[in-house]
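First comes the structure, then the notes that go with it.
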Amino acid sequence: MRTARQIVAWLRDSAFHFPATVFLGFFFIGLLSRCVLLAMAWSEIEPAPAELLSIFGRGFVFDLVAAFYAAAVVAIFSVLLGNRLGAARAYRWVRYVQYALLAFLLIFVLAAEITFWLEFGVRFNFIAVDYLVYTQEVIGNIVESYPLTPILLGVGTAAVVISWLIGRVWAPRQYQPMRLRVRAAGAACMLLGAVALANVFDGGLKDRSSNTYNNELAANGVYSFFQAYRLNELDFKRFYANLPEAEAKRRVQHEIDESAHARPHQQGPRHAAATVAPAQVPAFGAEKRPNIVLITVESLSADYLGVFGNKKNLTPHLDRLAQDGLLFTNLYAIGTRTVRGLEALSAALPPLPGQSVVRRRNNDQLFTLGSVLRERGYATQFIYGGFGYFDNMNAYFAANGYEIIDRSSMPREKVGFANIWGVADEYLLNRTLEELDQAHAARKPLLAHVMTTSNHRPYTYPEGRIDIPSKTGRNGAVKYTDYAIGKFIEQARAKPWFDDTIFVVVADHCASSAGKERLSIPKFHIPALVYAPKYVKPGRVEQLASQIDIAPTLLGLLGRSYPSLFLGHDLLFPKVGEEQRAFIANYQEIGYLRLGEDGVRRLVVFAPKKRVQVYRVGADGAALEPESGHEDLVREALGYYQGADYLLRQRIYHALAANEARTQPQ
């Protein structure tokens, strides 16, 4: 006991006083956040004693690593701190400022973790990393969503009180001088210790439970944040299971041919080709050239709609459109971010791990819905209520031939209401009406890809539109977006171009992706409907499908042949024996959901370190039971994912490649 007291006294009075304080602070806040989040998620976790012990045991390691890293950074500065400065009387008061700043930071981290958990049901991840890049929107969102002034005053007051308490208990009694080489050696040891712990106990230690909530609670928020930053991009061939490249090319060529309904004589020779080539989609009936309005709705889970069983009457207009149009009842989002939805709906690609294609380099001139339609004389626009530099949206769509219309190009007098995320949906759709009027006057068909923003925190919208007050939660935001879309359709009915327009409403992703499984299938189920009385009869499509199927389905409605690289299927013209499948992903895990010939749904999940697991999906879609075998299913899934990676990496998934194929003999 005396030795322990001596060590504590030495740390308290040495140059490593503040690094030790930082270490203790970060370790304590890690433990405290785990306890708070555990209480919040108690109904979702597996509360068996062994599981709780595992949560806190694994959490101890991650808290230790995070604390070591934080302390090591501060210790490096202690190397430069001379003994005279450390012993100076004035510096004693500076320490109180340090205590207060540290306390403020740790309280802020705790509050941020709680807020992030409420929103996403996970620890800090790549979403938090991305949010740091777009500080204007994120800070604005915080300001508009929370009473920031009293919160900051409360945190500041708590920090001052904690600073005074630390000073009373922990302030140095008498500074002990320390040689430079001793300070340097101590800092080096702390840094090496942190690196060693991180390498021995990597992020995989977190994922030891079958319950995702248990795994997330075992993590440390600060450590998870920096790990997400470090793994911002993931190389598929390096981190994931692989097929031999020749087989991957053969399989992805087969999928392209199958998706395009290519005739048998078009398929065989290509399988042995040096590269992958487009397939020619045959014409189905007379060619049509209607406008296409593709409305991508922010965070609209299927279970908000009445047609999917919701009893709160949040979507009366969408429910009516679903009855009068074509409703896709078994369609899934490919990811958990807006950019994932935009990627799937424009480029029809399965979700590769790491960043979305929208955020990647070399994402220009891709083969997209827009590139096919421009070849047919269409104008193509991306219309967004916010500032499109967010998440690289403007850059992506501009690099792929779309005209950009975002908040910066909307006159103030035509914006009746906006929040930090963007123009209220009704005013965004008013601008879309104007663009359709102009396209009609120019006798040029238009693809308008519209991205809404109102169904996003802080959930504010104009008063008097619906019976739920603004800023009271997501239910109100959903109902307001429904109101805006309903108003837009009614205004469109009076237009001369209405009969020759196909309206599509689809979500970008669900409102929440959190579930007990890493890939919780119900958390990817989204609504999608097509409304075009002249072109589409009312009905339902029950086929298991994904967002990547929307583009080829829309093009199928137009009737004309075109060279295709799409991996999505035309859901209105399914081929006999065509697989029913969907793609879902978070950031590191990518999944392939397949309906087997035995009527059972199975999910193949690929994860870093080349991990592969096949699950049998329960009737409710939530329960996943691990199964062994199914090698053919795994290889089929890799044909899509590794094939998509190959197409992008080799710059084959390119509008130019498809255009050149037009001149090649088939």
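Between Arg168 and Glu578, the distance separating the two model label sites (each 7 Å from Cα on the Cα→Cβ line) works out to 7.3 nm. Each peptide among 557-565, 496-504 gets the average number of other Cβ atoms lying within 10 Å of its residues, and from highest to lowest they stand as 557-565, 496-504. In this calculation the C-beta distance from Leu148 to Leu31 is compared with R0 = 30 Å, giving a FRET efficiency of 0.65.
Please name whichever of Trp42, Val155, Val252 sits farthest to the positive end of the charge dipole of the chain, dipole taken about the Cα centre and charges placed at Cβ: Lys and Arg +1, Asp and Glu -1. Going by the charge dipole, the pick is Val155. Relative to the Cα centre, the charge distribution of the chain, modelled as +1 at Lys and Arg Cβ and -1 at Asp and Glu Cβ, gives a dipole magnitude of about 2360 debye. Helix 148-170 and the long axis of the chain differ in direction by around 30°, with both axes built from C-alpha atoms. Sorted ascending by nearby beta carbons within 10 Å, beginning with the fewest, Glu435, Glu375 become Glu375, Glu435.
Taking a straight Cα-Cα cut-off under 24 Å and skipping sequence neighbours fewer than 8 places away in the same chain, the lysines within cross-link reach of Lys610 are Lys206, Lys237, Lys249, Lys516.
By definition, a body whose alpha carbon gyration tensor gives a ≥ b ≥ c is oblate when a/c is 1.5 or more and a/b is not larger than b/c, and the stretch 527-666 fits this oblate description. Taking Cβ atoms as reference points and 10 Å as the exclusive limit, the residues near Val415 contribute a net charge of +3, counting Lys and Arg as +1 and Asp and Glu as -1.
Neighbour counts of C-beta atoms inside 10 Å place Ile76, Ile334, Ile521, Ile29 in the sequence Ile76, Ile521, Ile29, Ile334, starting with the fewest.
When Leu593, Leu38 are sorted by how many other C-beta atoms sit within 10 angstrom of their C-beta, beginning with the fewest, the order is Leu38, Leu593. Please give me, ordered by residue number, the GluC sites (Glu not before Pro) of the stretch 489-568 that lie in loop per DSSP and have at most 16 other Cβ atoms within 10 Å. Counting only loop positions with at most 16 other Cβ atoms within 10 Å, the GluC sites (Glu not before Pro) in the stretch 489-568 are Glu542.
If R0 is taken as 56 Å, the Cβ-Cβ distance between Asn199 and Lys487 corresponds to a FRET efficiency of 0.50. In a fully extended conformation the segment linking Glu542 and Leu656 would gain 37.6 nm over its present Cα-Cα distance, using 0.36 nm per residue.
The simple Förster model, with R0 at 45 Å and r as the Cβ-Cβ distance, assigns Arg181 and Lys237 a FRET efficiency of 0.50. Computed from Cα positions, the angle between helix 135-145 and the longest principal axis of the chain comes to roughly 90 degrees. Between helix 2-13 and the chain, what is the angle of the helix's C-alpha long axis to the longest principal axis, kept within 0 to 90° and rounded to the nearest 10? For 2-13 against the chain, the angle is about 70 degrees.
Under the simplified labelling scheme, the Glu46-Lys471 pair shows an inter-label distance of 4.3 nm, with each label point 7 Å from Cα along Cα→Cβ. With 0.36 nm allotted per residue and the present C-alpha distance subtracted, the Ser628-Lys414 stretch has 71.2 nm of extension available.
Bear in mind these aren't lab numbers, they're just calculated from the coordinates by the rules spelled out. Treat the numbers as computed from the prediction; the structure is a model and nothing was measured. Because the Cβ atoms are built from the backbone with ideal geometry, glycine has one as well, and the counts that use them run over all protein chains shown.
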